1. Considering only residues that are in contact with a Lys or Arg (Cβ under 9 Å, 6 or more places away or on another chain), farther than 18 Å from residue 184 by Cβ and of a type in the set (Val, Ile, Thr), which ones fall in the range 73-124?
2. When residues of the range 116-160 are filtered for being among the β-branched types (Val, Ile, Thr), outside any strand (DSSP E or B) and within 16 Å of the chain's Cα centre (by Cα), how many remain?
3. Which pairs do you get when a residue that is outside any strand (DSSP E or B), found in the range 184-200, comes within reach of a residue that is modelled with pLDDT under 95 and aliphatic (A, V, I, L, M), reach meaning Cβ atoms under 8 angstrom, with the pair 6+ apart or on two chains?
4. Looking at the range 129-156 only, could you name the residues that are within 21 Å of residue 112 (Cβ to Cβ) and either open to solvent by less than 20 Å² (accessible area, probe 1.4 Å) or among the hydrophobic types (A, V, I, L, M, F, W, C) (or both)?
5. Condition first: open to solvent by less than 10 Å² (accessible area, probe 1.4 Å) and among the hydrophobic types (A, V, I, L, M, F, W, C). Now tell me which residues in the range 283-302 satisfy that.
6. Assigned to a helix (DSSP H, G or I), of a type in the set (A, V, I, L, M), over 21 Å from residue 135 (Cβ atoms) and out of contact with any Lys or Arg (no Cβ under 7 Å at 6 or more places or on another chain): does that describe residue 229?
7. Answer yes if at least one residue in the range 352-359 is more than 20 Å from the chain's Cα centre (by Cα), at pLDDT below 95 and either open to solvent by 10 Å² or more (accessible area, probe 1.4 Å) or under 17 Å from residue 255 (Cβ atoms) (or both), and no otherwise.
8. Which of the residues spanning the range 209-221 are touching a helix residue (DSSP H, G or I) at 6+ places or on another chain (Cβ under 6 Å) and surrounded by fewer than 23 Cβ atoms within 10 Å (Cβ to Cβ)?
Amino acid sequence: MSFSPLTSACSSLGVKSSSLIVQLGFHTAENNKFPGAFVSSPKRTKTKKFSIACSSTDPLLVKAARGDPVSRPPTWMMRQAGRYMAVYRKLAEKHPSFRERSETTDLIVEISLQPWEAFRPDGVIIFSDILTPLPAFGVPFDIEEVRGPVIQSPIRFEDDLKALHPIDLEKLHFVGESLKILRREVGGHAAVLGFVGAPWTIATYIVEGGTTRTYTTIKSMCHTAPNLLRTLLSHLTKAISEYIIYQVESGAHCIQIFDSWGGQLPPDMWEQWSKPYITEIVSVVRNKCPKTPLVLYINGNGGLLERMKGTGVDVIGLDWTVDMADARKRLGSDISVQGNVDPAYLFSPLSAVTKEIQRVIKCAGPRGHILNLGHGVLVGTPEEAVAHFFDVSKSLNHDGSSQNHSMEESKLG
């Protein structure tokens, strides 16, 4: 696939494929083993912009995200680059700082490509963190060995808002540079994925001062300082929107929005304190990048599916506690879904992994499904199981026949 530096990915329009109705079935494809408070203008970095071609040449994942017909469900894994891989652990020994690994272009690219080189997933997600952009708009943070992310100056009072400023994308140059390199390295063989944290989730860290199990400070702020919290969320919404557009212009085919802690809110509170800001992000990005699919993932989202659909995203990421068939009934056929194999399945016999993949794909149906785990890859996951996950997914095609890996399971079990 060639990319034009003259046309922005955020302004070019694609042409949808014809509405082909495909029946679900499986067959072994032996030849397919690898196939609004702060409104001043942010600083923008100069970046080569990529064009989004028509859907006939888009990566399989992008087609599935848009609901276009696909021959098989595309597959990737959240946290597919990480500590479960021996090659990553070896690199981390040499570069023990997570901030260094996630904020140095060469290391970001190397780590992002480790699972690509090992498993050939259909999506290559940039190695980064949802907190990475915080210093670029006035919120410095550290990552401590035991405590994890720590924000020394949390925002809890009106005066604290003075530290915030429009996002300075020059401070995130390593993200843009990495995405451009990944796009070139992967070519048209997989989608390059960017990601961000949703405003509510980012706000939990900024208000609580780091990770928390109770969220009492920010939840109480909804009632004791609602205007302060709205101002913070509005600022985050603008910054995150700009950050998404920057990632797309740098080469990301698709963006996942992680509202990781949105599931900690009661549904009516999520409707008030998270959904409007995600909806605004979707609107802004859709205006600038109309053909870039947006995925929304919330951990513990069983009670929020219909509300999530109302944000206008293209894909709903399901965690493993949601039944795929039930999610399809609740969401309808006019939106794509992603997921949702329990990550713990990868510690099971490989025959069990095969059966669960088949079950999830069958329940999801032949259109608009991206196969993934229901959460990130767990530390200690056998690399053999991850390889098997991808091999099985690539062998299951949407057509009228029905075959499985039963002949292989005796060898794999």
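1. Hit for the range 73-124 is 75, nothing else.
2. Of the residues in the range 116-160, the ones among the β-branched types (Val, Ile, Thr) are 124-126, 130, 132, 139, 143, 146, 150-151, 155.
Now restrict to residues that are outside any strand (DSSP E or B): 126, 130, 132, 139, 146, 151, 155.
From the residues that got through so far, the ones that are within 16 Å of the chain's Cα centre (by Cα) too are 126, 130, 132.
Of the residues in that region, 3 qualify.
3. Going by the 8 Å Cβ cut-off, the qualifying pairs are 187/1; 188/1.
4. Listed by number, the residues that qualify are 130, 131, 132, 133, 134, 136, 143.
5. If the condition is that a residue be open to solvent by less than 10 Å² (accessible area, probe 1.4 Å) and among the hydrophobic types (A, V, I, L, M, F, W, C), then 285, 289, 294, 295, 296, 298 are the ones that fit.
6. Working: assigned to a helix (DSSP H, G or I): yes; of a type in the set (A, V, I, L, M): yes; over 21 Å from residue 135 (Cβ atoms): yes; out of contact with any Lys or Arg (no Cβ under 7 Å at 6 or more places or on another chain): yes.
Against the criterion (assigned to a helix (DSSP H, G or I), of a type in the set (A, V, I, L, M), over 21 Å from residue 135 (Cβ atoms) and out of contact with any Lys or Arg (no Cβ under 7 Å at 6 or more places or on another chain)), residue 229 qualifies.
7. Within the range 352-359 (the criterion being more than 20 Å from the chain's Cα centre (by Cα), at pLDDT below 95 and either open to solvent by 10 Å² or more (accessible area, probe 1.4 Å) or under 17 Å from residue 255 (Cβ atoms) (or both)), the answer is no, since none of the residues qualifies.
8. First pass over the range 209-221, keeping only residues touching a helix residue (DSSP H, G or I) at 6+ places or on another chain (Cβ under 6 Å): 215, 217-218, 221.
Residues satisfying the conditions are 215, 217, 221.
The values are calculated or read from the model by the stated rules, or taken from the named source; none is laboratory data. Just so we're clear, the structure is a prediction, and the values are computed from it rather than from any experiment. When we count neighbours, we look across all protein chains shown, and the Cβ atoms used for this are built from the backbone with ideal geometry, even at glycine. The area values use the complete protein model at the heavy-atom level, side chains included, leaving out ligands, DNA and RNA. Shrake-Rupley method; radii C 1.70, N 1.55, O 1.52, S 1.80 Å.
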